[in-house]
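Structure first, commentary second.
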Amino acid sequence: MRITRRTLALTAFAGAALGGLSLASLPAAAQDSITIGVQVPTTGPEATYGNDMFNAVKIAAQEINEKGGLLGRQIELTAGDSACDPQQAVNAASKLASQDVVGVVGGYCSGATLPTLKIYGDANIPFVITASNSTKLIPANPGNAFMINSTGADQTTKAVEFMESKGIESVAIVNQGDAYSQDLANLTRDAWEQAGKKVAAFETVNKGEQDYSALVTKIKAADPDAVFWTAYYADGGLLIRQLRQGGYRGTIAVGDGSNSPKLFEIAGRAAEGVYAFSNPTAEFLPKAKSFSETYKKQFGNAPGPYAPLTYDGMMLLAWAIEKAGTTDHGPIIEALASADGQEWLSGPISFTDENTLARSNFIVLEGKGGEWALAE
Amino acid sequence: MADDAASRRRRDPAPSRPNTGVAQLLAVFDDPRKFWLAIAVVLVAVAVAPLLFGQYATVILTNALLYVVLCLGLNIVVGYAGLLDLGYAAFFAVGAYAVAILGQQTALGFWAAIPFALVAAAAAGVIIGGPTLRLRSDYLAIVTLGFGEIVRFSARNLEITGAASGISGIEQPSLFGWHIDSPTEFYYVFALLSVFAVIASVRLANSRLGRAWLYVRHDEDAAEAMGIDRVRVKLAAYVIGSIYGAIGGIFFAVNLGAISPESFSFEQSVLILMAVILGGMGKIPGVILGAFIIVLGPELLRDLGELRLLVFAVGLLLIMLFRPSGIWPSRKS
Amino acid sequence: MSLTDILMQQLVNGLVLGSFYALVALGYTMIFGVIKLLNFAHGDVYMVGGFVGFGVLSAVGGTLGADWGGIAVAMFLSMIAMGCLGVVIERVAYHPMLAAPRLSILITALAVSLVLQNSVLTLTDGQITAFRTDLGFGGLEIGHVFITYNQMVLVGTAALLMIALETFVSRTQYGRAMRAVSIDKDMCRLMGIDVAKVIAITFFIGSALAAAAGTMAGAYYGSIWYFMGFLIGLKAFTAAVIGGIGSIPGAMAGGLILGLLEAFGTQIPGIGSEWKDVFSFSILILVLVFKPTGLFGKSETERM
Amino acid sequence: MLLKLSDVQLRFAGNTVLHDVNFGVAESALTSLIGPNGAGKTSLFNCITGFYKPQGGSVVFDGHELLRLKPHRVTKLGIARTFQNLRLFREMTVLENVMAGMHCRTHAGAFAAVFRTPGQRREEAEIRAEAEDCLRFVGILDEKDRIATTLAYGHQRRVEIARALATRPKLMLLDEPAAGLNSGEKDELIGLIRRIRDERGVAVLLIEHDMGLVMKVSERITVLDHGRLIAEGTADEVRRDPKVIEAYLGQEEGEAAL
């Protein structure tokens, strides 16, 4: 009889667990509100950025709700944690899809965003991607997703143009072996070689590796005019520090993943004069002033690098819903595609045929006195 | 591990097993009617779950069933043969990449690619296991860890594996005109795989080879004195484990449609191992329970967030210290 | 830079990196010596040591300054704290398992490693922590070869610690007992040696050395995070295996050899830096398969 | 000669454990290997069965050189052994323990097991039948479903013997099979050893300290002391050999009441 009881207990457990799952997938809000999904990493290595993006959406939704909501209904947010991991992102996306969301905003790690495109595509849910910008997303987009961050290709164009203007002839490109930084590194190498310049070294380091001295020596031996780090600030800080420590005196530039005040904490003085290519962050956007203040007041710190874009993403989606005049997915997607270049915090938004941002939004920053300032 | 034999018997009752000693506790499952009734209840529950619960639950359950396959495979290596494998995700990766690459580079269909993927995984198992299974058992753990990382780095660096971005646009398979595409369809595919995996595990455990694993794990010398080639028997466990991993990987790849190196990290290997140990090494129902805990736990306790892995790690430590045979009850001796 | 300059510079780089590997490898090898356990948690003790060192430096940096003086104090306190942590880990997790099958104790070690790692992950939200110091970038330039003062202090400290350890093991009563325990525990018990105490001391010293490495690495490289022990743990294990696991001089030599191999390996034409770790792990596997006793290890019969 | 050892030499870390040992076991013979503690008897067993690798000499069994063979190959050629300290598979039943012996006489692999091929099912039945037969032979068939390590000590010894028998050996090496048995059990053991030889035609080589048992059961006795072979012959010859008396008198326990 023992075993029968155990079987019963387990069955009960399984039933409860599944019940819990199906409850979790019920619409989070009452019938008369509009549910918007927010797909960002709220756990995992990139949680800081993810939470930052979520906060930006919260501010946007709050502002809309204070003005009476959308189509006369209030906005409810529901989070899907991608944890920057493809499998978890799929779980999160399925959860959002089964909650009948009107649209989804977010998307940070490109690798995690990629497999979710199909899920939203199958359900025809409008998806405004506010950070992920790998060019690999473009062919995988079934047509319902819209990328409002400039793609890696745009960043490459900016980087090449800027380095050429500085008279740089040879460059060493270093990435971190993840989808985002490898994509950017490859694009930059191709563009740089196409411009008839020299790629002196093309290197990959591993995340979490502390000692780059051997690489620094190799780079020094290749003697490039500039080093371009295409990955994130954490390891970038270490590399910059060791490059300078090892006596490298050329130009150092970093991609948008390294645009963080923490770069200065880690690299210290070595970060002075480092150039960063970045999508527009709040402090350099005149229109984002009040957004920054609200954010600081509400969350106690300054908005992170993807906050304004994500705020824009929510606002753009809201605009499209209003324009479509319905919560049906099809008309909203049509409305998004027709975005007419009107001004948002980060500038005008309109889309190419591939649903990517029609203009490059990249700016160049320079490390000055322990913080980022506009270069040029 | 008193329990391997127990679980085997639970699943596969011998027709006339007398109620002496240990067999007594398992007497319930010696009653074929009750045994098959329990099996039937489980199968019906598995079959109707997607109809009762929504799409989200279906996706999560699909994931849990994938873990069931992976965990049963690792269970053969760890639970039966007693080999600590810290790089199991590597075989998962070999299977996934093999079908993805064959699907993109060749005209082979999905089904025709499967044998190649399995052979690739078995070959990887032989290549890594062959030389290392002679070594001390703890060296094996670290070699498998190193091997897991080598596979992940290689996938990240090579052109053919799509480098860090991985491979996307993997075609979903069709079977006799039925295009396997929706989450619910994939759920049933994985449910079928799990059933096969359980049957194969039970049959293996009940075979000459399965007993040899236990002999070698309990006492290598005595086993060898009985004429059992311990290296060969361990290699068999390792290769079979790798095939299970590859099968999981193959269907993981077509289900997700896109794969990248992050899915095959050390953390993945550790999660699979945790499931096996938490549930109970060597016990098939325990391992299945472990797989469900590892997958459903974090979904049910979303608030845990970052604490998720810590909770599992502490659980693992407590299990090892206080109940090394795992959560699933053991037979008493 | 001429080829000679490059190679000389890589020699310096390899020595610095190798010093870290050697310090961590020593703990691996000593602990393996006394309880034949591959202590997976060792790399994480290094990591926690880095965080404790950072905590101490943040607290005392104001008064003592955050250059080598303050770092020395931080390192010392971190060594003591991690030494105690090592003893606690042994007592709580490994001691009850010593009679259990080897598989169980290995899994327990893995569990301890995961608990340490994820505790820090939870406390830091998985974020990298900047380890701020006042260390300068100055150094000596010999020809085209550049050696910073920091590198000199670091290699010097590592050498001092290793000399101290070697003296301890060969000259003191406990050191001799440690060697005796690694050969035959039962015989030691019969001879009245307090085996449990010797094991505790071994864990203390091994963990303290890892903490020294962790603190120095944090200060020298400028950042710490929860996962920093994983890679170095694997590398240090590789170093211990190259030298012959169980052998103290072997761990030192193995650390330096691996450091140098990695540094020079970067220069090998045709192999990109992305293959660096594959290169290290392949060395590990090759050594284990073809010369499992390493350079200095003694072969042991696992037979009855 | 079924088994022939010539000049077998074994050294451990500089200590010579076996000095040029020469001896043999005839087909279907009952032979004992005796000697004081530490004489190297078990080491010699380990050299024969492949667990130790002697530095020199040769071990020929049934026309095969065993010196470089792994233990499982030796067993497959027809040498089975028991262990001085019981080495039963813990937490497994008596029957499962004995089934281990059949491993080297059967072939079914993973594929056959997963698909339950007819050959595999036949083989499983054969394994079970033969294991039960071996248990019947040693007289403990009724205990086949108990956990082996819960049996009475004397019966655990028999499980080991049944397990060795299940390998279908030509030669069986028994390492102190009477240790820990009471006198009644010892008598039964003598009967069992004789039946192994008489009914199954298996030669037996015995290491034993109980001289009464050795003298009763052995046709030939070989004496080992400090790794050297010091005497060989029938029970009476050995009993009278002065070298043997000296070797045993030198021992404090004087356990050998010759």
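The values are calculated or read from the model by the stated rules, or taken from the named source; none is laboratory data. These figures come from a predicted structure and were not determined experimentally. When we count neighbours, we look across all protein chains shown, and the Cβ atoms used for this are built from the backbone with ideal geometry, even at glycine. For the accessible areas, the whole protein counts, side chains as well, though only heavy atoms, and no ligand, DNA or RNA atoms are used. Shrake-Rupley method; radii C 1.70, N 1.55, O 1.52, S 1.80 Å.
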So how do A:ASP154, A:ASP32, D:ASP236 rank on accessible area, 1.4 Å probe, biggest first, that is with the largest at the start?
A:ASP32, D:ASP236, A:ASP154
Give the Rg (one decimal place) followed by the Dmax (whole number) of the stretch B:135-281, computed from C-alpha coordinates and expressed in Å.
18.4, 54
Could you give the radius of gyration (one decimal) and Dmax (whole number) of the Cα atoms in chain D, in Å?
18.9, 65
Keeping all protein chains in place, calculate the accessible area per residue for the protein assembly as shown (probe 1.4 angstrom), answer in Å².
36 Å²
Expressed as a percent, the portion of alpha-carbon pairs in the stretch C:81-158 spaced more than 16 Å apart is 71 percent
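If you take the alpha carbon radius of gyration of the stretch B:116-201 and divide it by 2.2 N^0.38 Å, what ratio comes out, to two decimals?
1.47
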As a check on your grasp of the helix formula, calculate [θ] at 222 nm for chain B: sum -39500 (n - 2.57) over DSSP H runs of n ≥ 4, divide by the residue count, round to the nearest 500.
-23000 deg cm²/dmol
Taking Cα atoms only, Rg over Rh for chain B with Rh from the Kirkwood formula is 0.96
Taking H placed 1.01 Å from N in the peptide plane, check which residues at least 5 places from D:GLY56 or on another chain put their amide H under 5 Å from its amide H.
D:GLN9
Rg to Rh for the protein assembly as shown: what is it, with Cα atoms only and Rh by Kirkwood?
1.02
From the Cα centre of the stretch A:80-137 to that of the stretch A:249-306, the distance in Å is 26 Å
Ellipticity estimate at 222 nm from DSSP helix runs (n ≥ 4, -39,500 (n - 2.57)) divided over chain A, nearest 500:
-14000 deg cm²/dmol
In nm, spacing of pseudo-spin labels at D:GLU237 and C:ALA72 (7 Å Cα→C-beta vector):
8.1 nm
Binning at 10 Å from 0, report for the stretch A:206-352 what percent of all alpha-carbon pair distances ends up in each bin.
10, 29, 24, 19, 13, 4, 0
Across the residues of A:79-87, average count of Cβ atoms on other protein chains within 10 Å?
4
Over the Cα atoms of the stretch C:1-111, compute the convex hull volume and normalise it per residue, giving Å³.
134 Å³
Which one, A:THR43, A:TYR108, A:ALA267, projects farthest toward the positive side of the charge dipole computed for chain A from Cβ point charges (K/R +1, D/E -1)?
A:THR43
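Which whole number gives the average, over all residues in B:316-329, of C-beta atoms from other chains lying within 10 Å of the residue C-beta?
4
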The correct ranking of A:SER278, B:SER265 by accessible area at 1.4 Å, largest first, is B:SER265, A:SER278
What pairs from A:LYS166/A:LYS220; A:LYS197/A:LYS220; D:LYS70/D:LYS144 go past 26 Å between their alpha carbons?
D:LYS70/D:LYS144
Positive-pole candidate from A:THR151, A:THR281, A:GLY208, dipole of chain A, charges at beta carbon
A:GLY208
Rounded to one decimal in nm, the spacing of the 7 Å Cα→Cβ label points at D:TYR153 and C:THR293 is 3.9 nm
Place a +1 charge on the Cβ of each Lys and Arg in chain C and a -1 charge on the Cβ of each Asp and Glu, then give the dipole magnitude about the Cα centre in debye, rounded to the nearest 20.
880 debye
Within chain A, which is the longest segment containing none of the trypsin sites (Lys or Arg not before Pro) that sit in a DSSP loop and have at most 16 other Cβ atoms within 10 Å?
A:250-358
Rounding to the nearest 10 and keeping the result within 0 to 90°, find how far the Cα-based axis of helix D:118-138 lies from the longest principal axis of chain D.
40 degrees
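Average projected area of the Cα convex hull of the stretch A:189-249, in nm²?
4.2 nm²
Evaluate the stretch A:293-372: find the radius of gyration of its Cα atoms, find its Kirkwood radius, and give the ratio Rg to Rh. Before the final figure, lay out each step's value.
On the way: Rg = 15.8 Å, Rh = 14.7 Å.
Taking Rh as the inverse mean 1/r over Cα pairs, Rg/Rh reads 1.07.
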With N denoting the number of residues in the stretch A:116-182, provide Rg(C-alpha) divided by 2.2 N^0.38 Å, to two decimal places.
1.43
Within 10 Å of the Cβ of an average residue in C:124-133, the count of other chain Cβ atoms is 5
At 0.692 mPa s and 37 °C, plugging the Kirkwood radius over alpha-carbon pairs of the stretch A:152-278 into Stokes-Einstein gives what diffusion coefficient in µm²/s?
234 µm²/s
Antiparallel bridges, percent of DSSP beta bridges restricted to the protein assembly as shown (to nearest 5)
45 percent
Phi to ³J(HN,Hα) by Karplus 6.51 cos²θ - 1.76 cosθ + 1.60 over the stretch D:206-216, Hz, x for Gly, Pro:
10, 9, 7, 9, 6, 5, x, 5, 4, 5, 5
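Using the Kirkwood radius over C-alpha pairs as Rh, can you work out the diffusion coefficient of the stretch B:213-327 via Stokes-Einstein at 4 °C, viscosity 1.567 mPa s, in µm² per second?
For these conditions, the coefficient is 79 µm²/s.
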Go from 0 up to the bin containing the longest alpha carbon distance in the stretch C:22-65, width 5 Å each, and give me the % of pairs per bin.
6, 21, 20, 16, 12, 12, 8, 5, 1
In debye to the nearest 20, the charge dipole size for the stretch A:139-268, taken about the Cα centre with +1 at each Lys and Arg Cβ and -1 at each Asp and Glu Cβ, equals 320 debye
Roughly how big is the protein assembly as shown's charge dipole about its Cα centre, with Cβ charges of +1 (Lys, Arg) and -1 (Asp, Glu), in debye to the nearest 20?
3360 debye
Using only Cα atoms, locate the centre of the stretch D:52-128 and the centre of the stretch D:200-227, then give the distance between them in Å, rounded to an integer.
24 Å
Would you please put D:34-47, B:201-214 in order of how densely packed they are, using the mean number of other Cβ atoms within 10 angstrom per residue and starting with the highest?
B:201-214, D:34-47
Which of the listed residues, C:TYR226, A:THR188, D:ILE48, is farthest toward the dipole's positive end in the protein assembly as shown, when Lys, Arg count +1 and Asp, Glu count -1 at the beta-carbon?
D:ILE48
Enter the buried accessible area of the D/B pair, total of both sides, probe 1.4 Å, in Å² rounded to the nearest 100.
3300 Å²
Computed, not fitted: 222 nm per-residue ellipticity of chain C from DSSP H runs ≥ 4 (each -39500 (n - 2.57)), nearest 500, equal to -25000 deg cm²/dmol
At each listed q (0.12, 0.14, 0.18, 0.22 Å⁻¹), what is the log10 of I(q)/I(0) that the Debye formula gives for the stretch C:110-229 modelled as equal alpha-carbon point scatterers?
-0.69, -0.84, -1.02, -1.17
What share of the DSSP beta bridges in chain A is antiparallel, in percent to the nearest 5?
30 percent
Using just the C-alpha positions of the stretch C:3-290 as equal point scatterers, what log10 of I(q)/I(0) does the Debye formula give at each q in 0.10, 0.15, 0.16 1/Å?
-0.53, -1.17, -1.31
Counting only complete DSSP H runs, which helices of chain C cover 18 Å or more along their long axis at the Cα atoms and score a mean Kyte-Doolittle of 1.0 or above?
C:3-35, C:42-64, C:68-89, C:102-124, C:149-171, C:195-221, C:228-243, C:248-267, C:276-290
Return the whole-Å distance between the Cα centroid of the stretch B:107-157 and the Cα centroid of the stretch B:244-307.
18 Å
Lone cysteines, the protein assembly as shown (no partner Cβ under 4.7 Å)
B:CYS71, C:CYS84, C:CYS188, D:CYS47, D:CYS104, D:CYS134
Please report Rg (one decimal) and Dmax (integer) in Å for the Cα set of chain A.
22.4, 84
